[in-house]
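The values are calculated or read from the model by the stated rules, or taken from the named source; none is laboratory data. Since the structure is predicted, the reported quantities are computational estimates derived from the model, not experimental observations. Keep in mind that these areas ignore ligands, DNA and RNA; they rest on the heavy atoms of the full protein, side chains included. Shrake-Rupley method; radii C 1.70, N 1.55, O 1.52, S 1.80 Å.
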Amino acid sequence: MAAISIVLLLAILILHFKTVFLFGLFSAHQAGANDITTLYFPSRFFFGNSLRTGEFPLWNNNMFLGFPIHAEGQGGFFYPLNIIFAIFPQWIAYNYIFLMHVFLGGFFMYLFLREIKLKKIPSLLSSFIFIFSGFFACHAEHMNLFNSCIWIPLGFLFVLKKQYLCLSLIFALQLLTGFPQIAFYSGIILFFWQIFNIRKFKEIVRLFLSSILGILIAFCQVLPTIELIPHSIRSKGINPHDMFSWGYYLKDMLLFIHPYIFGNPVLGTYTRKDSIFCENCVFIGIMTILLVILSIIKNKSLGVKRIGFFAGLSIGIIVFLLVFPIISDLVLYIPGFKFFRLPQRFLVFIVFSLSILAAYGFQSLKRLKIPVLFIILLELINFGSGYNKVLDMEYFNIPYSVKFLKKDADIFRVFVLDAGKKAWISNYVLSTMPETNYISQKGYLNYLPPNTNIIFDIPVLNIYSPLKVVDDSEYSELAKSNVKYILSSANLSDKEFVLAEKIYLPLFLPSLKIYKNRNYFSHAFFEDEKKQKKESLRILQYSSNKVKIEKNINFAGTVTLLDFNYPGWSVFVDGSSSKMYTANAMTRSVKVSRSSKKIDFIFLSESFIVGVWISIFAIFVVFCVLGIFDYENTCY
């Protein structure tokens with residue numbers, strides 16, 4: 001174990017030197033606006049800040065009209081290893097969480113390979129191929145997916161050893177990372193692995209029960225997400241356009257050996273419209289492929305049945321992806337499939353399988369082992385070196401647009417209107433050139449790309465989430481009465497919007513115009529019963545899970561708060577529970593009497609409470625069973 005640990009740590013040190021020594025925030029292939037800065041880091045930034053203030057991050061006022069950020073799941077707030085976000089500065093925690101999972105992925109792979117009787121050096125090589133493959137390099141910016149995938153080898157290991165309680169913990173961890181798609185796919189693939197190894201109905205039932213127990217352990221996350229889905233754009237499943245617009249084609253198999261044959265996305269030369277580079281690239285190198293072929297050719301002499309299984313699994317997944325557009329109507333009838341896009345994520349199991357086959361091929365070599373090992377390491381490190389960038393934390397210095405908005409002491413919301421994606425396209429083009437990348441990205445930050453506003457504590461209507469409540473096309477209508485400022489890349493001719501500030505940005509980025517919305521009245525306001533009197537109300541407290549409003553008007557009527565009326569929110573008028581209504585299709589309102597003075601909106605999700613208790617009970621069951629049936633401290 002010491003050998004694999006040392007080798008993995010050395011490889012991580014060489015490949016991710018800047019991340020290890022905190023030169024900046026790990027940013028994968030591009031420093032600037034990517035999924036790290038607009039999705040994963042902001043949610044964890046909020047997570048860390050919330051825990052430090054003594055609140056669990058159930059709700060975020062800075063996203064949309066308020067958003068159930070825990071229910072959305074991308075933050076992975078119950079994933080055990082994420083607790084370090086509450087201990088260290090968030091960007092340092094982010095770096096070390098990533099590095100930790102790179103190490104664990106390789107280490108878990110090594111444990112599995114040793115269990116199936118591969119020798120130490122082939123196991124070491126296979127672990128390296130697996131965790132430093134193109135799949136993991138390209139998905140390094142997708143923290144939840146990356147973290148979920150590293151548990152796959154342990155899933156195979158526990159099925160093989162019939163350790164079903166431990167397997168349930170693997171399913172739970174994959175769900176708690178915030179990426180249920182990999183847990184779903186793992187369940188399918190492990191079923192075939194179970195059939196291959198143990199063809200007993202009783203064992204298949206145990207596998208099924210372990211997956212159910214895993215879901216129950218993760219119910220603190222699963223139940224709130226189930227509650228959110230009907231309110232989201234995925235209430236009826238994935239939009240077919242999103243599922244099929246980027247496919248996997250026969251020519252994509254060339255990416256196994258030549259990752260940039262169709263261009264390099266970092267340099268802006270990857271121009272294919274039919275696929276996403278990071279989803280289809282599973283580069284493992286020419287030498288690895290040759291070892292895979294060698295293992296299949298020598299299968300009879302090696303006498304290893306598992307070679308046939310992993311070869312068959314790889315071929316089966318490739319065929320499935322190639323014919324998916326044809327059979328999709330049938331596949332979508334299978335429970336679960338309609339909620340996930342990009343079936344190319346099955347490719348992780350091909351990388352897993354080919355890594356194992358390469359180990360068998362390497363083990364069968366009689367000579368030239370050192371040159372082969374050297375070539376594989378060189379190929380993977382050379383490719384991975386393009387995905388090890390860091391972002392100087394100076395990038396997150398407060399941009400000028402935020403400084404301007406902060407001058408307004410009111411509570412309000414902002415809408416970003418980038419007509420024709422003019423600013424986004426300009427920044428994308430400029431970011432492909434090394435000499436303009438950072439300057440462009442830093443300037444573009446003034447547009448507050450969705451979710452980056454969380455870091456600057458600016459409420460923005462736009463949101464980047466797979467479970468967002470409305471489609472992007474609906475923002476403009478919502479913005480008419482719910483936002484005070486509009487950040488626009490174009491000039492607005494509507495007389496209801498008054499130009500308040502114009503910010504000239506570097507290079508060819510379009511200047512940012514900040515407009516004030518004349519239709520906006522107040523974030524919280526009172527309206528009498530006859531709708532003749534409308535008064536702004538003072539907000540005494542505006543925290544994530546509680547809003548306190550003061551009413552000093554001696555009239556009966558309605559109090560409206562321009563925040564999303566989502567299940568779990570309740571309202572108390574002068575300490576007494578009252579009925580909450582939905583105003584303007586989405587926001588909260590409550591009827592008040594002439595004498596009413598204090599209105600409190602409180603968020604306490606029943607799905608969260610029930611989910612936590614179910615998780616606690618499921619974990620209790622696991623430990624009870626282990627305590628009763630396992631006197632030697634090994635998994636059942």
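Overview of values
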| quantity | calculated |
| --- | --- |
| Solvent exposure ordering (accessible area, 1.4 Å, most first) of Asp574, Asp528 | Asp574, Asp528 |
| Lysines whose Cα lies under 17 Å from that of Lys18, excluding same-chain neighbours fewer than 8 positions away | Lys389 |
| Sequence of Trp151, Trp613, Trp91 from largest to smallest accessible area, 1.4 Å probe | Trp613, Trp91, Trp151 |
| Backbone HN-Hα couplings from phi across the range 115-121 [Karplus 6.51/-1.76/1.60, Hz, Gly and Pro as x] | 5, 8, 6, 7, 6, 4, 5 |
| Built amide H within the under 5 Å cut-off of Phe340, gap 5+ | Ile238 |
| Candidate residues Lys120, Lys300, Lys502: accessible-area rank, largest first, probe 1.4 Å | Lys300, Lys120, Lys502 |
| Surface accessible to a 1.4 Å probe, Lys598 within the full protein complex, Å² | 90 Å² |
| For q = 0.15, 0.21, 0.22 Å⁻¹, Debye-computed log10 I/I(0) when each Cα of the range 59-118 counts as one equal scatterer | -0.64, -0.90, -0.93 |
| With Cα atoms, 0 to 90° folded angle of helix 347-364 axis to the chain main axis | 20 degrees |
| Relative contact order of the range 312-441, defined on C-alpha pairs under 8 angstrom at six or more residues apart (%) | 15 percent |
| Portion, in percent, of the accessible area of the chain that falls on carbon or sulfur, probe 1.4 Å | 64 percent |
| The range 164-282, relative contact order [Cα under 8 Å, separation at least 6], % | 23 percent |
| Overall dimensions of the range 249-290 by Cα: Rg and Dmax, Å | 10.2, 31 |
| Phi-based couplings in Hz for the range 293-298 (Karplus 6.51, -1.76, 1.60; Gly and Pro marked x) | 4, 4, 5, 6, 5, 8 |
| Largest-first principal axis extents, alpha carbons of the range 115-184, Å | 35, 31, 12 |
| Pairs of alpha carbons in the chain whose separation is greater than 49 Å (percent) | 17 percent |
| Estimated [θ] at 222 nm from DSSP helical runs (n ≥ 4, -39500 (n - 2.57)) normalised by residues in the chain, nearest 500 | -14500 deg cm²/dmol |
| Relative contact order computed over the chain (Cα-Cα under 8 Å; 6+ residues apart), in percent | 17 percent |
| Helix 201-217 vs. the chain, principal-axis angle (Cα, 0 to 90°, nearest 10) | 30 degrees |
| Degrees separating the helix 2-15 axis from the principal Cα axis of the chain, which is the longest one | 50 degrees |
| Globularity ratio of the range 453-492, using Cα Rg and 2.2 N^0.38 Å | 1.25 |
| Partners for Lys162 among aspartates and glutamates (Cα-Cα distance below 12 Å; same-chain residues under 8 apart left out) | Glu203 |
| With all protein chains modelled, accessible area of Arg588 [1.4 Å, Å²] | 0 Å² |
| Solvent exposure of the chain as accessible area per residue, Å², 1.4 Å probe | 43 Å² |
| Karplus-derived 3J(HN,Hα), 6.51/-1.76/1.60, for each residue of the range 525-542, Hz, glycine and proline x | 8, 10, 9, 6, 5, 8, 6, 9, 10, 9, 10, 6, 10, 7, 9, 7, 9, 9 |
| Residue-level accessible surface for Leu391, protein heavy atoms, 1.4 Å, Å² | 0 Å² |
